[in-house]
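Participant: Handing you this structure, nothing more for now.
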Amino acid sequence: MTAAPLILFGAFDRHNLGDLLFPHLWAAHCAERELIYAGLAQRDLTAYGGHRVQAIAQLAKELGDQAVDILHVGGELLGCSLYEAAVMTLAPDEARAAIAQYDQDINVHTAWAQNQLHMPQSIGYLVPRKLFPKARHIAYHAVGGTGLDRLPAAMREEVIARLQEADHLSVRDRLTQSLLQQAGIPAPLVPDSAHRVAELFGQHIKEQAKQDEPAEIQKQFKQGYLAVQFSADFGDDPSLRQLAAQLDACGEKTGLGIVLFRAGAAPWHDELAAYRRLSGFMRWPQRRIFESLNLWAICALLSQARAFCGSSLHGRIVAQAVGVAGVSLVQDGQRTSKTAAYCSTWLPAGEVNVRSVVEVAEGIAQALALPPAALQAQADQLADQAQEGMTATLASCQTR
């Protein structure tokens, strides 16, 4: 029997490090399958190292009467509304206009998103089985939903309904696992597939590190550098001034350069203007803004860093996968964020290292003190566990 096409579905219709990486990891893992890359919107992210992505609503029209398998490839999918997803697939100017027009009324902005994406639902990246009535398997791999209990009741019920339709489900952190357990849905823990990036693409990353901006960074900072990232949530002046002071202290103590990079350029992710303001507040001269948004250039930058500090979960995971210690940046009072939940699930207590802005220097000092051999051993262990999890998920998507 001929295998059905496997639709890889996720948020890789927008610029975000982890989301761009997921389809590469799965394509390497299941090269024997016919693959279709799908998101909520049709987009071409190849300029950033991503994929040409088809819109799931259009695919449903074309393949709805055919046998397919659908794999939700990972990410914080369980808490993303359709409205948020729709905005994040837009260009910055279009996103600002949509937010200004629709943001204040949940009914209005949900209706706008449904019309924009041709999806009659309020949650974003979950495919209802009714769209593909001939689907043989619907799987969710290492998904996150740490804010599930804070969703509006109707949206939360929609999430639960979609997961109850699934043939296979795994989650990536204990908090999501607990929240689903309270709803009567058991789900095993599986580490994020990005832990395999060095295993599957290590040589490619090494080659990228010798080229273009990653190579320039290494020449500029021969003494080494810290790779630093933060989302727009930290873009207010008080936070930027505090972060600048912490990074100045790190630079002066260690002599390391400070390289600011964006892990995601989609709306509500990382803003270049905030990075420029931070740089303006700093006094440590050994600093630079990394301009490239290419997936592999970002991985190369992380691979050569002495440590990573940032709010991006996949910045932390990719750094960990290439044996680089990390500090996860969170807002005060957000110790149960997706990053904190993930790190506390998979890392030893001494390596969790989740910090607020005013604790950055302390966190970086802790990260730099970790033995490289221990970091590599942890990276290898998580890569093995991620491989086992992906194999189990793919087995659940084999054609009967």
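Participant: Looking at region 322-377, which of its residues are on the phi > 0 side of the Ramachandran plot and without any contact (Cβ under 8 Å) to a residue 60 or more places away in the chain?
Facilitator: Narrowing region 322-377 to residues on the phi > 0 side of the Ramachandran plot: 323, 333, 353.
Correct list: Gly333, Asn353.
Participant: Let me ask you something else. I'd like the residue in region 136-164 that is surrounded by fewer than 16 Cβ atoms within 10 Å (Cβ to Cβ) and charged (D, E, K, R) and, out of all such residues, is farthest from Glu76 (Cα to Cα).
Facilitator: Applying the filter and picking the extreme gives Glu157.
Participant: Okay, next question. Can you tell me how many residues in region 49-66 are buried (at least 18 other Cβ atoms within 10 Å of the Cβ) and within 28 Å of Gln208 (Cβ to Cβ)?
Facilitator: 5
Participant: So, one more: Could you grab the pairs with beta carbons closer than 7 Å, sequence gap of 6+ or different chains, first residue in region 289-302 and within 16 Å of Arg14 (Cα to Cα), second one part of a helix (DSSP H, G or I) and of a type in the set (Phe, Trp, Tyr)?
Facilitator: Leu293/Tyr48; Asn294/Tyr48; Leu295/Tyr48
Participant: Do we find that Leu260 is crowded, with 22+ Cβ neighbours inside 10 Å and either at negative phi or touching a Leu at 6+ places or on another chain (Cβ under 8 Å) (or both) in this structure?
Facilitator: On the way: crowded, with 22+ Cβ neighbours inside 10 Å: yes; either at negative phi or touching a Leu at 6+ places or on another chain (Cβ under 8 Å) (or both): yes.
Yes; evaluated as a whole, the condition is true for this residue.
Participant: Residue by residue through region 166-223, note down the ones that are among the charged types (D, E, K, R) and either surrounded by 14 or more Cβ atoms within 10 Å (Cβ to Cβ) or touching a residue at least 60 places away in the same chain (Cβ under 8 Å) (or both).
Facilitator: Here is the first cut: in region 166-223, the ones among the charged types (D, E, K, R) are 167, 172-174, 192, 196, 199, 206-207, 210, 212-213, 216, 219, 222.
Listed by number, the residues that qualify are Asp167, Arg172, Asp173, Arg174, Asp192, Arg196, Glu199, Lys206, Asp212, Glu213.
Residues checked against (1) more than 20 Å from Ile317 (Cβ to Cβ); (2) touching a His at 6+ places or on another chain (Cβ under 6 Å):
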site	(1), (2)
Gly18	no, yes
Phe22	no, no
Ile36	yes, no
Thr46	yes, no
Val53	yes, no
Gln58	yes, no
Lys61	yes, no
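Participant: While we're looking at this one, here's another question. For Arg276, indicate whether it is basic (Lys, Arg) and farther than 18 Å from Gly315 by Cα. Write out each step before concluding.
Facilitator: On the way: basic (Lys, Arg): yes; farther than 18 Å from Gly315 by Cα: yes.
When the stated conditions are applied, Arg276 passes them.
Participant: Look at region 102-135 and say how many of its residues are in contact (Cβ under 8 Å) with a residue 24 or more places away in the chain and surrounded by 14 or more Cβ atoms within 10 Å (Cβ to Cβ).
Facilitator: Of the residues in region 102-135, the ones in contact (Cβ under 8 Å) with a residue 24 or more places away in the chain are 106, 109-110, 112-114, 116-119, 121-129, 131-135.
Okay, now just the ones that are also surrounded by 14 or more Cβ atoms within 10 Å (Cβ to Cβ), so 106, 109-110, 112-114, 116-119, 121-129, 131-132, 135.
Count: 22.
Participant: From Leu20, Leu8, which residue is in contact with a Phe, Trp or Tyr (Cβ under 6 Å, 6 or more places away or on another chain) and either surrounded by fewer than 20 Cβ atoms within 10 Å (Cβ to Cβ) or within 16 Å of Ala67 (Cα to Cα) (or both)? It would help to see each step written out before you state the result.
Facilitator: Details: Leu20 fails: either surrounded by fewer than 20 Cβ atoms within 10 Å (Cβ to Cβ) or within 16 Å of Ala67 (Cα to Cα) (or both).
None of the other options fit; the residue is Leu8.
Every number in this text was worked out from the coordinates using simple rules, so none of it is lab data. The shown structure was predicted, so the numbers you read here are calculated from the model rather than taken from an experiment. Here the Cβ is made from the backbone with ideal geometry for all residues, glycine too, and neighbour counts use every protein chain on show.
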